[in-house]
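Novice: Sharing a structure here in structure tokens format.
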Amino acid sequence: MSNTRTHGAYRTGGLWAAAGLSFVALVVGSGVALIGMLEFDERCMQGLTRGPGRLLRVRDQAFPPATICEFENGEVASIGGRGVLGVLLWGVLLVLVVSLIVALVAECFEPRLGGDLVVPMSRVEKLRRTGAAFFVIGSVFLMFYVLVGWKLFAGPSSACSVGADWGTQAPKTLEYSLFPPRATCQYTSGLTRKMIPDWMASLAVELAVPALLAGVGFALALRRWNAERRAVR
């Protein structure tokens, strides 16, 4: 007979399934929106896409991904910024955020057995589940952070000049920050430009929240597992 003790854990299978499905839908929908952005700005500037009045400027929208052509009396957007796709992307994002956060918070608690939302689970099973969540979510955060902010690792003095041979014309790095990943580059002409777009810096911070929650859940599960292991010795 097994001596493994069981404890209470919330039923989070449905939440994880909802998070996974909504993530896939978000990736697919965003891909369709990005395809719709291709050459949309050129069509506006060439007059192939018409709007109310004279064209003033063209800008890109971070989410939902879209190119927006601003005219004197209104705007015309690519498929991601209008219609059903834009609404669906916001809805899918909401489902993803809510289900992910609720699931991660639920993994931090250990309710008493007996409730409809509670299932028996051993310390080892809990440790494996929270460890898997921490690994996946933490990896997503880490990969995105490295992707957008790898130049910052060169330090404040040379972040803006990494990856190119500037010689004596190397730009200066202003407003350097590792977290949020941010730096402003000033060139010899006096022009300043942000190394990392604001939406990318904000997304890096937002991705850190579920990664931190997953880490807390894993740390609590590890602590409880260690305490139980010492108790049975």
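Novice: Just rank PHE135, PHE141, fewest to most, by other beta-carbon atoms within 10 angstrom.
Specialist: On the way: PHE135 12, PHE141 20.
In order of increasing Cβ crowding within 10 Å: PHE135, PHE141.
Novice: Using a Förster distance of 35 angstrom, determine the FRET efficiency expected from the C-beta separation of SER157 and PHE63, and round it to 0.05. Write down the numbers at each step before the final one.
Specialist: Working: r = 33 Å, r/R0 = 0.96.
Working from the Cβ atoms, E equals 0.55.
Novice: Just grab the label-to-label distance for VAL140 and VAL32, each label 7 Å out from Cα along the Cβ direction, in nm (one decimal).
Specialist: Inter-label distance under the simple model: 2.0 nm.
Novice: May I pose another question? VAL98 to LEU21: extension gain in nm, 0.36 nm per residue of separation minus the Cα-Cα distance? All intermediate terms of the calculation are to be shown ahead of the outcome.
Specialist: Details: separation 77, 0.36 × 77 = 27.72 nm, distance 1.30 nm.
Value of the extension gain: 26.4 nm.
Novice: A further question follows. Report, in deg cm²/dmol and to the nearest 500, the calculated mean residue ellipticity at 222 nm for the chain, where each DSSP H run with n ≥ 4 adds -39500 (n - 2.57) and the sum is divided by the residue count.
Specialist: Values: 5 runs with 117 residues, N = 233.
Only helices count here, giving -17500 deg cm²/dmol.
Novice: Express in nm, to one decimal, how much length is gained between ARG5 and LEU191 on full extension, taking 0.36 nm for each residue of separation and deducting their alpha carbon distance.
Specialist: On the way: separation 186, 0.36 × 186 = 66.96 nm, distance 6.49 nm.
Contour length minus Cα-Cα distance gives 60.5 nm.
Novice: Along the Cα-to-C-beta direction of LEU222, a point sits 7 Å from the Cα; which residues of region 131-149 have their amide N less than 19 Å from that point?
Specialist: Output list for this probe position: 131-143.
Novice: Using +1 at the C-beta of Lys and Arg and -1 at the C-beta of Asp and Glu, which of GLY80, VAL28, TRP16 has the Cα lying farthest in the positive direction of the dipole of the chain?
Specialist: Positive-most Cα among the choices belongs to TRP16.
Novice: A follow-up question, please. What's the exposure ranking of CYS44, CYS108, CYS185, going from fewest to most Cβ atoms within 10 Å? Before the final figure, lay out each step's value.
Specialist: Details: CYS44 22, CYS108 16, CYS185 19.
Result, fewest neighbours first: CYS108, CYS185, CYS44.
Novice: Dipole of region 123-233 (Lys/Arg Cβ +1, Asp/Glu Cβ -1, origin at the Cα centre): which of CYS185, LEU207, VAL146 lies farthest to the positive side?
Specialist: After comparing all options, I get LEU207.
Novice: Next question, about the same structure. Could you state the principal axis extents of the C-alpha atoms in region 123-233, from the largest down, to the nearest angstrom?
Specialist: The Cα atoms of region 123-233 stretch 69, 25, 18 Å along their principal axes.
Novice: Moving on to the next point. Between ARG229 and GLU125, what is 0.36 nm times their sequence separation minus the Cα-Cα distance? Round to one decimal in nm. Present the calculation step by step, with values, prior to reporting the outcome.
Specialist: On the way: separation 104, 0.36 × 104 = 37.44 nm, distance 1.39 nm.
Result: 36.0 nm gained on full extension.
Novice: For Cα extents along the principal axes in Å, several values are listed as (1) 78, 49, 21; (2) 56, 49, 25; (3) 61, 38, 32; flag the one computed from this structure.
Specialist: The calculated read-out lines up with (1).
Novice: In degrees, nearest 10, range 0 to 90: what is the angle between the Cα axis of helix 83-107 and the longest Cα principal axis of the chain?
Specialist: With both axes taken from Cα atoms, the answer is about 30 degrees.
Novice: Using a ≥ b ≥ c from the Cα gyration tensor of region 1-107 (square roots of the eigenvalues), is it rounded, prolate or oblate, where a/c under 1.5 gives rounded and otherwise the larger of a/b and b/c decides, a/b for prolate? If you can, show how the numbers build up before the last one.
Specialist: Values: a/c = 5.28, a/b = 3.93, b/c = 1.34.
Prolate.
Novice: Moving on. Order of LEU56, LEU213 from fewest to most other C-beta atoms within 10 Å? Could you put the intermediate results ahead of the total?
Specialist: Details: LEU56 12, LEU213 20.
In order of increasing Cβ crowding within 10 Å: LEU56, LEU213.
Novice: Label-point separation (nm) for VAL84 and TRP150, each offset 7 Å from Cα along Cα-to-Cβ?
Specialist: Each label point is offset 7 Å from its Cα along the Cβ direction, giving 3.9 nm.
Novice: What is the angle, in °, between the Cα long axis of helix 13-37 and the longest principal axis of the Cα atoms in the chain? Nearest 10 is fine, range 0 to 90.
Specialist: Relative to the chain, helix 13-37 is tipped by roughly 10 degrees.
Values in this text are rule-based calculations from the coordinates and carry no lab data. All values reported here derive from a predicted model rather than from experimental measurement. Quick reminder, even Gly has a Cβ in these numbers, built from the backbone with ideal geometry, and neighbours come from all protein chains shown.
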